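Student: Take this structure, written in structure tokens, and hold onto it; I'll ask about it next.
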Amino acid sequence: GLTCEAPPPGEIEPGSGVRIVVEYCEPCGFEATYLELASAVKEQYPGIEIESRLGGTGAFEIEINGQLVFSKLENGGFPYEKDLIEAIRRASNGEPLEKITNSRPPCVIL
């Protein structure tokens, strides 16, 4: 017979209950950065919900559970994956979120 392995009750997928919205400027070519971040996050937190929205020029804004945690318009660069993953870890533990102030310098890789 066919058996499906269901996760044991009480075991929640990491990141479930956490919702991320990333608003970014598609014409700016930020989609690749979004997809990269999203896949890194999904790897660590398979239960997470990620939604993308189209933002204005230069926008790359990240909200976790409705709270803005990163703004490219304010910081000028993109967030580091580890900072975002740390923020998600805090959110999934119910800890207060702090704004990410580190950002990668907007350099162009040639």
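Student: Rounded to a whole number, what % of the accessible area of the stretch 33-94 do carbon and sulfur atoms account for, probe 1.4 Å?
Tutor: The nonpolar share, carbon plus sulfur, comes to 45 percent.
Student: To continue, here is another question. So for the pair Glu26, Asn65, with labels modelled 7 Å out along Cα→Cβ, what separation do we get in nm?
Tutor: Placing both labels 7 Å along Cα→Cβ, they lie 3.0 nm apart.
Student: Give, as a single signed number, the net charge of other residues whose beta carbon lies under 12 Å from the beta carbon of Leu68, with Lys and Arg counted +1 and Asp and Glu -1.
Tutor: -3
Student: Could you put Ser71, Ser52, Ser103 in order of accessible surface area, largest first, with the 1.4 Å probe and the full protein assembly present?
Tutor: The residues order as Ser52, Ser103, Ser71, largest area first.
Student: Also, I was wondering about something else. Quick check for me: using +1 on Lys/Arg Cβ and -1 on Asp/Glu Cβ, what's the dipole size of the chain about its Cα centre, in debye to the nearest 20?
Tutor: Dipole of the chain, to the nearest 20 debye: 220 debye.
Student: Another question, if that's okay. In a Gaussian network model over the chain where Cα atoms closer than 10 Å are linked, find which of Ile50, Ile88, Ile12 has the largest mean-square fluctuation.
Tutor: Sorting by GNM fluctuation, first place goes to Ile12.
Student: Another one. So in the chain, what percent of DSSP beta bridges are antiparallel if you round to the nearest 5?
Tutor: Here the share of antiparallel DSSP bridges comes out near 60 percent.
Student: What FRET efficiency comes out for Gln44 versus Lys99 if R0 is 22 angstrom and r is the Cβ-Cβ distance? Round to the nearest 0.05.
Tutor: So the FRET efficiency works out to roughly 0.60.
Student: What does the charge count around Leu54 come to, taking other residues whose C-beta lies under 12 Å from its C-beta (Lys +1, Arg +1, Asp -1, Glu -1)?
Tutor: -4
Student: Continuing with this model, one more query. Note the listed values (1) 14.8; (2) 18.6; (3) 16.0, then indicate which one is Kirkwood radius over Cα pairs in Å calculated from this particular structure.
Tutor: (1)
Student: Given the DSSP H assignment, sum -39500 (n - 2.57) over each helix run of at least 4 residues in the chain and divide by its residue total; what's the result at 222 nm in deg cm²/dmol, nearest 500?
Tutor: Counting only the DSSP helices, I get -8000 deg cm²/dmol.
The values are calculated or read from the model by the stated rules, or taken from the named source; none is laboratory data. Since we're looking at a predicted model, the values are computed, not measured. So basically every Cβ, Gly included, is an ideal-geometry build from the backbone, and we count neighbours across all protein chains shown. Ligands, DNA and RNA are excluded from the accessible area calculation, which covers all protein heavy atoms including side chains. Shrake-Rupley method; radii C 1.70, N 1.55, O 1.52, S 1.80 Å.
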